[in-house]
Structures are given as C-alpha cells and as structure tokens.
1. Can you name every one of the helices (runs of 4 or more DSSP H) wholly within segment 27-132 that holds 2 or more residues which are closer than 26 Å to Asp262 by Cβ and of a type outside the set (A, V, I, L, M, F, W, C)?
2. From the set of residues in segment 139-158 that are of a type in the set (A, V, I, L, M) and not in a strand (DSSP E or B), which is nearest to Val65 (Cα to Cα)?
3. So which of Gly244, Gly165 ends up being of a type outside the set (Lys, Arg), part of a helix (DSSP H, G or I) and modelled with pLDDT of 95 or more?
4. Considering only segment 194-219, how many residues are in a loop (DSSP other than H, G, I, E, B), closer than 16 Å to Leu248 by Cβ and in contact with a strand residue (DSSP E or B) (Cβ under 6 Å, 6 or more places away or on another chain)?
5. Would you mind stating whether Ser100 is farther than 25 Å from Arg281 by Cα, small (Gly, Ala, Ser) and surrounded by fewer than 17 Cβ atoms within 10 Å (Cβ to Cβ)?
6. For segment 241-280, which residues satisfy the criterion of being of a type in the set (Lys, Arg) and touching a residue at least 24 places away in the same chain (Cβ under 8 Å)?
7. Filter segment 145-159 down to residues that are of a type in the set (Asp, Glu) and either farther than 30 Å from Pro237 by Cβ or at pLDDT below 95 (or both), then give me how many there are.
8. So which of Phe131, Phe189 is out of contact with any Pro (no Cβ under 8 Å at 6 or more places or on another chain), of a type outside the set (D, E, K, R) and at pLDDT below 95?
Amino acid sequence: MALPFKLIYDHHYDLNLGNHVFPSQKYRLVYERLLHGGIAQSSDFLSPQPAKDEDVLRVHNPEYVRKLKTGSLSYAEVLQLEVPYSQELIQACWLAAGGSILAGQKALQDGWSANIGGGFHHACPDHGEGFCVIHDVGIAIRRLQSDKAIGRAMVIDTDVHHGNGTATIFANDKNVFTLSIHQLHNYPFVKPPSTMDINLPDGVGDENYLALLDEHLRKAFSDFSPQIIFYVAGADPYREDQLGGLALTMQGLARRDALVMDYARKTKSPLVITLAGGYARRVEDTVAIHVGTIVAARDAAGKKAAGS
C-alpha cells in the first residue's frame, strides 16, 4: 500500500565518508529499510533537483557560497565543517536543500512530506559547522516565501543539539517561529536565542522530555499559527547516541514523533519532516529511529485522513 505522502531521496545523499562519526550511509540504509520492509513503495519516492544558487543565496552570503562552489574554503573553515570537503559533498548538500524545497512544495499540496536527509541546522549565513554546510530548511522556507506559497513557517527542532544556525537565520523574522528542544551542556557552546528554547539538563528521560515538549508546543501553537511546519527530527536524543547526553528510549522517540505530528494534524498545518542528527553506537539503531519517524508520520496521516 502506498504512503499517503511523498518521500524525497537521492542516492547521492550518501557521502561515503567511511569510518566517520557522521554515518552518511544512513540515508541509503533508511531508504532500503523503508522499501524492503514494505513501509514504502518505489512510487512513494521522488528525486530532487539540486537547489539553485539563487535559492541558496536567500540564506547564505555570496562569498561563502563562492568558496563552497570553487573549493576555496580556508583550512580553518574546512575544520569547522567537521566533514572532509569535496565536490561530492557540495553536490549532496545542494541536493539535500533541493530535497527540502521539494518536500515543502509537496507538503503544501498533500499535507505531509519527508526529506530522507536534510535538517542541517548548524549552518549559518557565512559559514558551516558541525557537519552542516548549508541550511536546507532555511533555504526551503525562504524559497516558499519568495514563491508566495507561504508567509509564516514554524521550525520544530528535536535534535539533541541546539539549532544555532536556524536561530541566527531567522532571528529578526517574526514570520518564522523557531523552537529548539536540546541538551543544554552540549554543542554548540554559543546558543543564540530561538523564538522558544527548551534547555534540558543532562540525562533527561522519556517522561520529563515528553511533558516539557508538550507544554512548550501547546504554548507555541497558542502564540503562532504556521502555514507550514518543518520538523527537524534528530535521532540523537537516544540514550545510546555517541554525541548526545539525553536518555530517551526508542519508544520515547516514537512518542516524541507522534506528539509533534499530533499538533500538526490538530492544527491542520502542512508538515515537512527532515531527518537530522543521529550517531548511535550501532548505525542500525539510528536507522531504526529514522524509519520510526516515517512510520509515525504514516500512522498520523492515517488518523488525519480518517478525521480522528
């Protein structure tokens, strides 16, 4: 049975980084698990075009974009990225941004969509950092605004790390509400304010996490009425994550996904999912969490269709 929404994916999302803490092969593994596990059919997947430079330049400075395209980043700038620079990296990042644009367009048409990639929330206008080269969600929102498809957007970021790039890009934009729930004592060390920040102490588990997220989502939706939601669904609040210090179980992460999607369903907000960070000791765990997010969206979309 086909999914009630489209999944955006391209084989070039996999950077083939080898033995790196960032498992870029997870995109391919998620795709294969969805397909071979009978969760999705090949017809559910769309392949994106790379973002146009004019789309990227709505968010990023021309000089930074020039350096990325021409391979002229300084040694320090490459170190800050924390992934090896290559033309394949740039191709993948432009594709991921195109994927988030396409996911946004499909969500406005169909109600829901998911980019099996993206969520690069540390990228700032003038530099990349923390495995994030360009900010695909920011680029997608600015493209949809430029097309007059939306005016107001909300970003719900549940990655274990604060979305500093998101906060920076939309700092002075009242039409974009940014919510980040993250571990306080973790990367990045400077955390510019989001519209709403939920700073968690180390070791928070399922029940406290979900209660805090529910409380803040309720307030966010009472303060702001989005025309689209971008859900940055990190797998790294998981208790076995190498770069996280929270204690969520897989069941807790599934409940997190269901909670976010329930708010989208009840407020009739189009929803875009991007699969953000995940660095579990076993890459299979990260893949299972990401697949679980798509399953949660399938189940929530079914409730939506049934009017419940």
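The values are calculated or read from the model by the stated rules, or taken from the named source; none is laboratory data. Every value quoted in this text rests on a predicted model; they were computed, and no experiment measured them. Ideal geometry is used to build each Cβ from the backbone, glycine not excepted, and the neighbour counts take in all protein chains shown.
1. Details: elements: 53-56, 62-70, 75-81, 87-110.
Once the helices (runs of 4 or more DSSP H) in segment 27-132 are filtered for at least 2 residues that are closer than 26 Å to Asp262 by Cβ and of a type outside the set (A, V, I, L, M, F, W, C), what remains is 87-110.
2. We begin by selecting, within segment 139-158, every residue of a type in the set (A, V, I, L, M); these are 139-141, 144, 149-150, 153-156.
Filter again for not in a strand (DSSP E or B), leaving 139-141, 144, 149-150.
Numbers: Ile139: 13, Ala140: 16, Ile141: 18, Leu144: 20, Ala149: 25, Ile150: 25 Å.
Among those residues, the one meeting the criterion is Ile139.
3. Result: Gly165 is the single residue among Gly244, Gly165 that is of a type outside the set (Lys, Arg), part of a helix (DSSP H, G or I) and modelled with pLDDT of 95 or more.
4. 0
5. Details: farther than 25 Å from Arg281 by Cα: yes; small (Gly, Ala, Ser): yes; surrounded by fewer than 17 Cβ atoms within 10 Å (Cβ to Cβ): no.
Here the answer is no, as Ser100 does not meet what is asked.
6. Restricting attention to segment 241-280, the residues satisfying the condition of being of a type in the set (Lys, Arg) are 255-256, 265-266, 268.
If the condition is that a residue be of a type in the set (Lys, Arg) and touching a residue at least 24 places away in the same chain (Cβ under 8 Å), then Arg255, Arg256, Arg265 are the ones that fit.
7. Pass one, segment 145-159, residues of a type in the set (Asp, Glu): 147, 157, 159.
After this cut, where a residue has to be either farther than 30 Å from Pro237 by Cβ or at pLDDT below 95 (or both) as well, the list is 147.
Summing the residues that are of a type in the set (Asp, Glu) and either farther than 30 Å from Pro237 by Cβ or at pLDDT below 95 (or both) in segment 145-159 gives 1.
8. Exactly one of Phe131, Phe189 is out of contact with any Pro (no Cβ under 8 Å at 6 or more places or on another chain), of a type outside the set (D, E, K, R) and at pLDDT below 95, namely Phe189.
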